[in-house]
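Asks: First, the structure itself, so that you have it in front of you.
The values are calculated or read from the model by the stated rules, or taken from the named source; none is laboratory data. This structure is a prediction, so every number in the text was calculated from the model and none was measured. FYI the Cβ positions are ideal-geometry reconstructions off the backbone, even for glycines, and counts take in every protein chain you see. Surface areas here come from the heavy atoms of the whole protein model, side chains and all, with no ligands, DNA or RNA. Shrake-Rupley method; radii C 1.70, N 1.55, O 1.52, S 1.80 Å.
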Amino acid sequence: MLRRRPARTEWDSQGVPLLDSAACLDLATGVGGEDPAKKRAGLRAGSIRRRLVSSLLGLLLAGPAFLIALPTLTYTQQMIASYYSERASESCEAGDFAGCVAYWRRSIQIAPATADSYYELGRAYERSGADQSALAMYEQAINMNPQRYDAYLAATEIYITKRKNYQSASSLIEAALRQRPGGARVRSALYANLSRVDIGVANWDQAQRNLRQAIQIDPTSGFPHCLLAEVLQAQSKADWALSEWGLCAAMSNQIEVAPWRISAERRLSGFHP
């Protein structure tokens, strides 16, 4: 009986068995097995899944350590930033405004800044004579906190007294009033400064209305009384002006009234420049 000899298996140079023509045909056509295209797609999907699982495991292992370290890093940054902000305050009090600016800038670089930080940096710039930089910092403070009313007032002061830019000053005050400030002091100060814009363009009637609004909001503030005295004086309403000069002098212990103290005393004593 003739015995069939088993097929001879051939090997390539790498020790991998070579496929015969029938096996090649089966792989190409999918006969006798899975479609090669589907098989390759399955392998790719499996590889992606393995990578995702590996990444998730890595995050789960590293995440707790990162979350534990994050508060420590933030706390350290805040401590360093606080150190520089304290040095900034000391420099400003000592009259070293350039140093004050440098310390505030360093504080802001180290830790995320607040509207207060930018406002204080603006004050430092203004006191060093860098009004343009001061305005930029006040604007940044307002953008971060639209209810940071001291920044509005500080910027308005530069526009009115130093630049005579009454339009910009008016726009700032109106933007602040749109925030509907709740404090009487703030609202009174905003209306008083709005009257200064009117005074700058000699709109005396509107200045008087804004000042009376400021007085109605906060009768204890002497600043609007002093301004109203000047407005009434400019309108040749001497008797009414004298009454306001009296209120201005009576509140001369307030810091805002200090520039008018001598003028009020002279007016009350009958002196007319």
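Asks: Working out 0.36 nm times the residue gap between Glu86 and Ala102, then minus their Cα-Cα distance, what length gain in nm do you get to one decimal? Don't jump to the answer; show the numbers that get you there.
Replies: Details: separation 16, 0.36 × 16 = 5.76 nm, distance 1.21 nm.
Gain in length upon complete extension: 4.6 nm.
Asks: To the nearest 10 square angstrom, how much accessible area does Leu247 have with a 1.4 angstrom probe?
Replies: Here the residue's solvent-accessible area equals roughly 70 Å².
Asks: While we're here: Under the definition of Cα pairs under 8 Å and six or more residues apart, what whole-number percent is the relative contact order of segment 120-273?
Replies: 13
Asks: Put +1 on the Cβ of every Lys and Arg and -1 on every Asp and Glu Cβ in segment 216-273; which of Pro219, Gln254, Gly270 then has its Cα farthest towards the positive end of the dipole?
Replies: Of Pro219, Gln254, Gly270, it is Gly270.
Asks: Report the Cα centroid-to-centroid distance between segment 109-161 and segment 236-254 in angstrom, as an integer.
Replies: Each part's Cα centre sits 33 Å from the other's.
Asks: Tell me, what is the FRET efficiency for Leu242 and Gln206 to the nearest 0.05, using R0 = 30 angstrom and their Cβ-Cβ distance as r? Walk me through the numbers on the way to the answer.
Replies: Working: r = 22 Å, r/R0 = 0.75.
Computed FRET efficiency for Leu242 and Gln206: 0.85.
Asks: On a 1.4 Å probe surface of the protein chains, which of Trp260, Trp204 comes out largest in accessible area, and what is the full order? All intermediate terms of the calculation are to be shown ahead of the outcome.
Replies: Working: Trp260 35, Trp204 85 Å².
Highest to lowest solvent-accessible surface, that is Trp204, Trp260.
Asks: Give me the net charge of Leu228's neighbourhood, meaning all other residues with Cβ under 15 Å from the Cβ of Leu228; Lys, Arg count +1, Asp, Glu -1.
Replies: Spelling it out: positives minus negatives among the neighbours equals -2.
Asks: Pulled fully out, how much extra length does the chain show between Arg178 and Ala136, if you take 0.36 nm times their separation in residues and subtract their Cα-Cα distance?
Replies: On the way: separation 42, 0.36 × 42 = 15.12 nm, distance 2.09 nm.
Between Arg178 and Ala136, full extension yields an extra 13.0 nm.
Asks: Calculated FRET efficiency, Arg185 and Tyr75, Cβ-Cβ r, R0 30 Å, to nearest 0.05?
Replies: On the way: r = 35 Å, r/R0 = 1.17.
Working from the Cβ atoms, E equals 0.30.
Asks: R0 = 25 Å: FRET efficiency of Glu93 with Thr161, Cβ-based, nearest 0.05?
Replies: Details: r = 23 Å, r/R0 = 0.94.
Given R0 = 25 Å and the Cβ-Cβ separation, E is 0.60.
Asks: So what J values fall out for segment 143-157 if you push phi through Karplus, 6.51 cos²θ - 1.76 cosθ + 1.60 with θ = phi - 60°, rounded to Hz, Gly and Pro as x?
Replies: So the J values, rounded to whole Hz, are 5, 6, 9, x, 9, 8, 5, 4, 5, 4, 5, 5, 5, 4, 4.
Asks: If the chain between Asn145 and Ser171 were fully stretched, how many nm would it gain, using 0.36 nm times the residue separation less the Cα-Cα distance? Kindly include the intermediate steps, with their values, before the conclusion.
Replies: On the way: separation 26, 0.36 × 26 = 9.36 nm, distance 1.71 nm.
The span from Asn145 to Ser171 would gain 7.7 nm if fully extended.
Asks: May I pose another question? Convert each backbone phi in segment 80-86 into a coupling constant with the Karplus relation 6.51 cos²θ - 1.76 cosθ + 1.60 (shift: θ = phi - 60°), then list the ³J(HN,Hα) values in order as whole Hz, x for Gly and Pro.
Replies: For segment 80-86, the Karplus curve yields 5, 4, 5, 4, 5, 5, 5 Hz.
Asks: Shifting gears a bit: Tell me which residues come under 5 Å, amide H to amide H, from Arg148 once H is placed; ignore anything under 5 positions away on its chain.
Replies: Answer set, sorted by chain and number: none.
Asks: When all protein chains stay in place, what accessible area (Å², nearest 10, 1.4 Å probe) is found for Arg209?
Replies: Probe radius 1.4 Å; accessible area of Arg209 about 140 Å².
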